[in-house]
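Okay, structure first, notes after.
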Amino acid sequence: MNIAIIGSGNVGSALGSSLVSAGHRVTVTARDSVKATTVAAQIGASVVPSALAAAEAADVIVLAIPYGAVESVAKEIAAAVSGKVVIDTTNPLKADYSGLATDGGPSGAERIAAQLPGARVVKAFNTLFASIQADTAVHGQTVDGLIAADDADAKTTVAELRELESLAWLNIALQLRTGGSWKSSFVLIGAPDKAIAA
């Protein structure tokens, strides 16, 4: 599968590395073209000069960018994402890290879906730190990745989009307040078989 990763930070490079290892064709792009080129070379991906070029050639587009950059990136790629899966890895944090910028309103993913009306937006990878995504066996067990979508083909029984962002914020806040190692994750134990199969 052709996968475009928009963003070359910790999340973009960790996901890109995992996706390349799984045999996918990965393209990386970012505002910092030098960093995007370096990351692409490190993980075995290709690089393109713009988010639009990456989106045009991809089956799946991963938004691995700060939430504050979403609006400008969405405007750039909007014409190239119709019918495509767009994975939102962002967490809509306030600039001062005091909570979610979306409190009392639609979730960040819902806002992205509104900006990309032709895309099939899926919220995923936002509850796992990049260090976990690069090595998913933590504390001797495989961690859970949570996914939410409103597309009929992608939909499973999941929490509301807003709840995934709140869960991610809880994990981030615990790390910030305790000077943590950024190696924590949530694991669902004893889930009903029907929930796992969905």
Checklist line | Which of R25, R177, R120 has the fewest Cβ neighbours within 10 Å, and the rest in rising order | finding: R177, R25, R120
Notebook entry, point to check: Taking other Cβ within 10 Å of each residue's Cβ, how do V70, V11 sort, fewest first?
Noted result: V70, V11
Margin query: Quick check: pseudo-label points 7 Å beyond the Cα along Cα→Cβ at K94 and A79, how many nm apart are they?
Written below: 3.8
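Every number in this text was worked out from the coordinates using simple rules, so none of it is lab data. From a predicted model like this one, the values you see are computed outputs, not experimental measurements. All Cβ positions, even for glycine, are placed from backbone atoms using ideal geometry, and neighbour counts span all protein chains on display.
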